[in-house]
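To start, the structure itself, in structure tokens.
The values are calculated or read from the model by the stated rules, or taken from the named source; none is laboratory data. Since this is a predicted model, take the numbers as computed values, not measurements. FYI the Cβ positions are ideal-geometry reconstructions off the backbone, even for glycines, and counts take in every protein chain you see. We work out accessible area using only protein heavy atoms, side chains counted, and drop any ligands, DNA or RNA first. Shrake-Rupley method; radii C 1.70, N 1.55, O 1.52, S 1.80 Å.
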Amino acid sequence: MFRSSWLQRFRTAKWALFWLCWAGAIQGMVVNGFVNVVITTIEKRFGLRSMQTGVIAGGYDMASFACLAPVTYLGGRTGASKPRWLGWGVLLMGTGSLLFALPHFLVSPYRAAGDEPDDLCFVNRTMSSSRCNDESSSEGGSWAVAVFVFAQLLHGAGATPLFTLGVTYIDENVSKKMSSVYLGVYYTMAVLGPALGFVLGGQMLNIYTDFLTVDSETLGVTPVSSVWIGAWWVGFILSAVLCLIVAIPLLAFPYELPGAAEIRSSKISEAHEGSASKAAAFSELKELPRAAAALLKNPTFLFLNLAGASEGLMISGFAAFLPKLIENQFAVNASEAALLLASWCVLNVFRGGRLFSLCNTDCACVDAAYAPVCGADGVVYYSPCHAGCQTRSLAGAAQLFHQCSCVNKENITLPSYNVGEGTNASIPYEAINSVCPSGCPYLWLFVGLSFCVMLFTFIATMPALSATLRCVREDQRSFALGIQWIKVRLLGTIPAPLLFGFLIDLSCSLWDTSCNTTGACLLYDNVNMARYMLALALVGKLCSVLFFFLAWWFYRPPGGKTNAVVPSVDLVLSSEKTNGNGMSNGGANGYCNAALECSDHL
């Protein structure tokens with residue numbers, strides 16, 4: 001409605017790409033960054049299982065699956081305004097982010113285990129059920145899962161147009177030569193989004209969850225404490241604000257940019273030679289099944305979809321649960337795990353031994369909450385009580401435990417904790433509320449292999465996208481991307497978090513069973529967890545290679561059985577053609593197009 005003349009200078013493909021890049025980055029930052037970073041934290045905060053958090057992670061793909069067909073079909077019709085679909089989608093995504101942060105404000109302040117008298121060893125203590133009467137012990141459950149899933153549904157519905165209608169909007173408004181460049185920039189920002197989410201989300205986890213009302217130093221917990229809960233909700237508030245900022249300019253763009261008609265008329269079809277490429281155009285909603293059937297007869301398109309599904313299963317599953325894998329395999333806290341994942345560095349936890357032995361039988365530790373401490377002997381104990389610790393002291397924000405009967409102190413020198421920087425004061429201790437260091441020697445091998453796997457995964461992204469856009473008719477491209485994403489969601493990204501969550505739960509060695517209810521997993525069998533992850537990655541990659549090969553093998557270009565394609569004629573020498581304003585361009589080495597400025601770099 002607002003069409004001021006000074007705004008028209010921004011009605012170009014470059015500015016459309018600029019705002020789409022930020023929208024794609026925000027989507028990646030929220031869905032593939034913030035959500036995946038906080039999975040482990042919300043498990044601990046609300047007492048959830050990995051299968052439940054798997055459902056939460058899969059909510060995004062469920063909504064995307066349901067919305068893909070109608071959004072891409074209706075938004076891809078001739079004359080439909082793709083920017084309008086994109087703008088409203090970004091606003092819907094921002095609403096989902098606000099809702100995702102809501103559970104933080106619906107529960108009482110977090111009580112960190114390990115700061116109560118019951119958490120220490122008192123000989124001949126009488127056991128009680130006071131913990132079960134504490135309201136904070138039952139904060140989680142189905143209501144929290146329902147809120148998170150609904151927020152993820154809004155995320156999925158809002159992000160649906162970004163990599164379907166957004167891709168075709170770019171492809172329709174730039175030349176074929178520049179389309180891959182523009183889409184490459186777009187997808188680069190989309191990939192940087194999750195990295196940004198891991199970095200920012202990881203830093204937020206270094207801040208105590210109730211920092212607005214509670215000073216964490218008074219509680220004696222630090223980010224390295226096993227019972228630490230970071231400010232997981234702050235990132236979602238930030239993303240909601242960013243969504244509002246980006247949605248407004250997206251809504252201002254026209255349904256097509258100046259010069260789009262000229263670009264469209266100059267393009268030559270590279271669609272797969274078959275019945276689908278000869279069918280009449282579909283324009284009515286009732287013809288959607290026929291349009292889908294026509295696309296499914298294209299074997300190249302079909303196998304590209306299956307390859308995308310196998311890649312999506314691995315990416316979605318590992319993105320959701322790799323932080324948990326890092327925390328458990330390499331003994332780091334949630335914040336460090338997020339940062340390591342963003343830079344493809346990874347770390348292993350070793351916990352062992354029995355919960356009860358002769359050294360703590362008189363401590364009545366049944367009521368002690370799970371608050372792991374690292375003993376001076378290098379052993380991780382379930383709680384200070386299980387370590388037989390009778391006294392506690394605060395050193396800054398750390399808790400130091402003394403007189404621990406279960407800690408083997410023979411032939412070792414007790415470690416000391418420096419009270420503050422610039423001082424020589426230190427306090428010896430027998431146990432501390434942090435994880436023990438890992439002795440795993442395979443850190444950098446894991447880093448290198450992970451980097452190589454992801455490098456080859458993303459290298460194939462742009463060729464696969466270009467092949468998908470070129471093997472179907474131009475009027476089918478938006479809908480084809482929708483159908484492709486439906487298959488990727490249905491066969492890959494929707495079952496992935498559920499499958500990964502099930503296998504991770506299967507590798508759990510110790511469940512939280514306080515108050516006769518089963519909560520989150522407290523201890524994992526790292527060997528089984530690693531084997532399950534390796535098997536999934538190996539099978540997924542083998543399937544991807546097979547499907548990409550079959551897509552190439554069955555491709556038949558128009559007019560023949562060779563792979564030769566008629567070159568594009570949509571760009572000509574600038575000395576032979578005028579630009580869209582009727583003005584000749586004299587650059588001898590430049591190329592012109594009505595939707596692009598003359599460019600000397602081509």
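General remarks:
- Shown are Phe163, Phe2, whose ranking by accessible area with a 1.4 Å probe and every protein chain present, most to least, is Phe2, Phe163.
- Packing order of peptides 165-172, 62-69, highest average first: 165-172, 62-69 (average count of other Cβ atoms within 10 Å over each peptide's residues).
- Under the simplified labelling scheme, the Leu546-Ala425 pair shows an inter-label distance of 6.7 nm, with each label point 7 Å from Cα along Cα→Cβ.
- Ile248 - accessible surface, heavy atoms, 1.4 Å probe, Å² rounded to 10: 110
- For the range 544-557, putting each phi into the Karplus relation 6.51 cos²θ - 1.76 cosθ + 1.60 with θ = phi - 60° gives couplings of 4, 4, 4, 5, 5, 5, 5, 4, 5, 5, 8, 6, 10, x Hz, in residue order, rounded to whole numbers and with x for Gly and Pro.
- Sequence-distant residues sharing a close amide H with Ser509 (under 5 Å, placed H): Leu523, Tyr524, Asp525
- Cross-link pairs Lys14/Lys176; Lys177/Lys297; Lys82/Lys297 - those with Cα-Cα distance over 19 Å: Lys177/Lys297; Lys82/Lys297
- Sequence of Tyr255, Tyr429, Tyr370 from largest to smallest accessible area, 1.4 Å probe: Tyr255, Tyr370, Tyr429
- Estimated FRET transfer efficiency (Phe554, Lys177; beta-carbon r; R0 25 Å; 0.05): 0.40
- Exposure ranking of Ile229, Ile427 by accessible area [1.4 Å probe, largest first]: Ile427, Ile229
- For Asp210, nonlocal amide neighbours, meaning residues 5 or more places apart or on other chains whose placed amide H falls under 5 Å from its own, do not occur.
- Amide hydrogen proximity for Gln399: with H placed 1.01 Å from N in the peptide plane, the residues at 5 or more positions away or on another chain lying under 5 Å are Asn433.
- Spin-label model distance (nm) - Glu262 vs Ile248, 7 Å beyond Cα toward Cβ: 3.3
- Measuring r between the beta carbons of Ser81 and Trp6 and using R0 = 25 Å, the FRET efficiency lands at 0.70.
- Using the Karplus relation 6.51 cos²θ - 1.76 cosθ + 1.60 with θ = phi - 60°, the per-residue 3J(HN,Hα) values for the range 377-389 come to 8, x, 9, 8, 9, 3, 7, x, 5, 5, 7, x, 7 Hz, with x marking Gly and Pro.
- The HN-Hα couplings worked out from phi for the range 7-17 by the Karplus form 6.51 cos²θ - 1.76 cosθ + 1.60 (θ = phi - 60°) are 7, 5, 5, 8, 7, 10, 5, 5, 5, 4, 4 Hz, whole numbers, x standing for Gly and Pro.
- Ranked by the mean number of other Cβ atoms within 10 Å of their residues, highest first, the peptides 76-89, 530-543, 478-491, 294-307 fall in the order 478-491, 294-307, 76-89, 530-543.
- Using a simple spin-label model with pseudo-atoms 7 Å out from Cα toward Cβ, Tyr417 and Val539 lie 4.5 nm apart.
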